[in-house]
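The values are calculated or read from the model by the stated rules, or taken from the named source; none is laboratory data. What you see is a predicted model; the values in this text were computed from it and never measured. All Cβ positions, glycine included, derive from the backbone under ideal geometry; neighbour counts span all protein chains shown. Ligands, DNA and RNA are stripped out before the accessible areas are found, and what is left, the full protein with its side chains, is counted by its heavy atoms. Shrake-Rupley method; radii C 1.70, N 1.55, O 1.52, S 1.80 Å.
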Amino acid sequence: MNRVLYVGIDLAETEPHRASILNDAKVLKELKIEPTAQGLASLLHAIATYEPDKSQVLIAVERPDGPFVGELLQGGYTIYPINPKALERYRERFTLAGTKTDIVDARCLASLLRTDRDAYRPLVPDSPRTRELRMLTRDLADLEKTQTMLVHQLRAALYASFPGIVAVFNDLTAPSALGFLKAFPTLQEASQASDDQIAAVLKAAGYASPDRKVAQLRQALARPQFTVDVAVVGAKRMLILSLTTTMITLHQQIKAYDKRVSKLFEGHPDREVFQSLPGAGPRLSARMAAELGDRRERFPSPRDVAAFAGMAPVTRQSGKSRIVVFRRACSKPFRETMHQFGFCSLTRSPWARAYYDAKRAQGKGHAEALRCLGCIWLRIIHAMWTHGTLYDEERFVTARSVPAAQAG
């Protein structure tokens, strides 16, 4: 008769991984595994020595991603992702002195599955389309943050050496702004350029009406300007050229990401559901669908989704003491996505605006009010996602799924 085998793997970056193999009675083997395909093969050989039936092997890891875990999933093994905080608390059962080593962690991961498996869920990956979409939208969000950082650097450099030009370009990420600054990074170069030269630069950047913009630039350049130290101008000229060159490339890559995300999202089964939400543009709708995934069994209730997205608070109660605190253990990208969507919905959904305003009137801050709104939205989104229905403002308000009158 087969017996369940419990395997804990402490994954490292470049150092060897550590693994511990247990059954219900004792530790069978502990080994060091190189983070390579050969190392994985040695682990699988050791597991098969004790239990060849993969359905009887349960594996616990802290990080539910990476090529090592991917190979185990494709090999048909059941993987349990364990939160590092949970592992830390479990470790205290065995090491009161605070001892922590990789092999101890591997042993604790395996033992945790043996004693507390019912408290955890096995890793069930989404479809390849959804997984790729999730990675693309997260990487795109990171690229946008990089772009914002570069904009701040560029604006600071312009204020230091070419302040008069800042007011002319409201959006420093626009190709026309970047093209102009790359061609004319200083006041002297811009002033000496002819109207035709400026118009050609703007036209090459895709500006629709270059003549009108040229006139605006001429007016700005004709105004009295600060006398900037020559040393500052020379140093910041190099920085402006560097930043604009980088931002032009980044802008092109963001467009490429948008195109890929849009194409991938076209065939997603939940595309229409998320695109029907008020304020969810192409990026946000794709990102919400990717973060929520396509495995319905993972989130049986709206409360599960709200906790996963970090929208629901944590209640701590003992005797007469009861406090409600911010939830930190969650999917940070999902929380960021819902925060953005909640904010965007304020201008498109009257009940969302009323709910948010009521929370602010109660003294809650902007972020907390958006989290409260996010809980309501996730209740609606969970129902739409579960049944495949599109959003209808009048229907939800009439059915009092979102009782705006009870905003408290």
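Based on alpha-carbon atoms, the Kirkwood radius and the radius of gyration of the stretch 202-333 give Rg/Rh equal to 1.21.
Of K145/K203; K85/K320; K32/K332; K259/K332; K182/K255, which ones are farther than 22 Å apart at the Cα? The answer is K145/K203; K85/K320; K32/K332; K259/K332. Give a quick list of GluC sites (Glu not before Pro) in the stretch 86-140 that DSSP marks as loop, anything other than H, G, I, E or B, with at most 13 other Cβ atoms within 10 Å. For GluC sites (Glu not before Pro) across the stretch 86-140 that sit outside H, G, I, E and B with at most 13 neighbouring Cβ atoms in 10 Å, the list reads E92.
Surface composition of the stretch 60-117: carbon plus sulfur atoms hold 49% of the accessible area, using a 1.4 angstrom probe and ignoring ligands, DNA and RNA. Principal axis analysis of the Cα atoms in the stretch 262-408 yields extents of 52, 30, 25 Å, listed in decreasing size.
Simple point charges give the picture: +1 on the Cβ of Lys and Arg, -1 on the Cβ of Asp and Glu, and for the stretch 1-158 a dipole about the Cα centre of about 320 debye.
Computed about the Cα centre, the dipole magnitude for the stretch 147-303 is approximately 260 debye when only Lys and Arg (+1) and Asp and Glu (-1) carry charge, each at its Cβ. Rounded, prolate or oblate for the stretch 137-229? Axes are the square roots of the Cα gyration tensor eigenvalues, ordered a ≥ b ≥ c, and the cut-off for rounded is a/c under 1.5. It comes out oblate by the Cα gyration axes.
By its C-alpha gyration tensor, with a ≥ b ≥ c as the square roots of the eigenvalues, how is the stretch 25-85 shaped: rounded for a/c under 1.5, else prolate for a/b larger than b/c, else oblate?
It is rounded, given that a/c, with a ≥ b ≥ c, falls under 1.5.
Relative to the longest principal axis of the Cα atoms of the chain, helix 332-345 runs at roughly 50 degrees.
Projected label points at T347 and H152, each 7 Å from Cα along the beta carbon direction, are separated by 2.3 nanometres.
Quick one: ranking F184, F326, F226 by accessible area, 1.4 Å probe, largest first, what do you get?
Largest accessible area first, the residues go F226, F326, F184.
From most to least packed by mean Cβ count within 10 Å, the peptides 160-166, 259-265 give 160-166, 259-265. In this structure, S191 and L44 have a Cβ-Cβ separation that, at R0 = 45 Å, corresponds to a calculated FRET efficiency of about 0.05. Helix 102-116 axis versus longest C-alpha principal axis of the chain: approximately 70°, rounded to the nearest ten. Ligands, DNA and RNA are left out, and with a 1.4 angstrom probe the accessible area of the stretch 258-408 is 51 Å² per residue.
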